Structure formats: structure tokens, C-alpha cells
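Heads up: the structure comes next, in C-alpha cells.
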Amino acid sequence: MEGKDDLQSNINKIHTTTLGAERIKRNLKLGDRDAVAYCKAIISDKESSIYRRGKNWYCTKDKIVITINSFSYTIITAHKQKK
């Protein structure tokens, strides 16, 4: 199974759509901040947990879950975990 380093070594490929960025901003209450830059910072953090399941990568840190397509490196969504 691919590991954390596989996603982090391709950090420059990570992107999202316009609608995806709006969804991420709304879900995480980011306001005017750049959604992709915010997600990349979480993915790059050494404390984050990254795993691959099926066609998606999942990155979790501080109760935030980011879902990334493993083939296109598109951020699908990001949301806060429920308690």
C-alpha cells in the first residue's frame, strides 16, 4: 500500500475545482483564505495521518478530513469530523 510520502511527494499536483474550493471553504469556515493552500499545509504537516483507500487518499489532522482523488490529485472535499 502506498504511504504518506507518496502523497506528500506529489504535493505540487494537488488542486481542486472552483466549486470544490467553495465547498471546502464553507465546510471548514475558511472565509477568504485559499482552500488549496490550507489543505496542502495540512497534508504537508508531519503530524497528519495519510492513508489510501480505493481510489482516494484521506488526510486527517485536528479532526479535519481531506479527501483527494489518487489519480488526478484533485481535492474532492474537506470537512470536520463529527464527535
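Quick note: the coordinates plus some simple rules give every number you see, no bench work behind them. Predicted model only: the values in this text are computed from it and were never measured.
The table below lists the values:
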| item | result |
| --- | --- |
| Degrees between helix 35-44 axis and first principal axis of the chain (Cα, 0 to 90, nearest 10) | 30 degrees |
| Extent along principal axes [Cα atoms of segment 4-80; Å; largest to smallest] | 30, 24, 21 |
| Above-threshold pairs, the threshold being 19 Å between Cα atoms, out of Lys29/Lys61; Lys13/Lys40; Lys29/Lys80; Lys25/Lys46; Lys40/Lys82 | Lys25/Lys46; Lys40/Lys82 |
| Segment 23-62 - convex hull of alpha carbons, volume per residue in Å³ | 81 Å³ |
| Crossing angle, helix 18-28 versus the chain [Cα axis fit, 0-90 degrees, rounded to tens] | 80 degrees |
| CD proxy at 222 nm, helix term only [per DSSP H run n ≥ 4: -39500 (n - 2.57); per residue of the chain; nearest 500] | -8500 deg cm²/dmol |
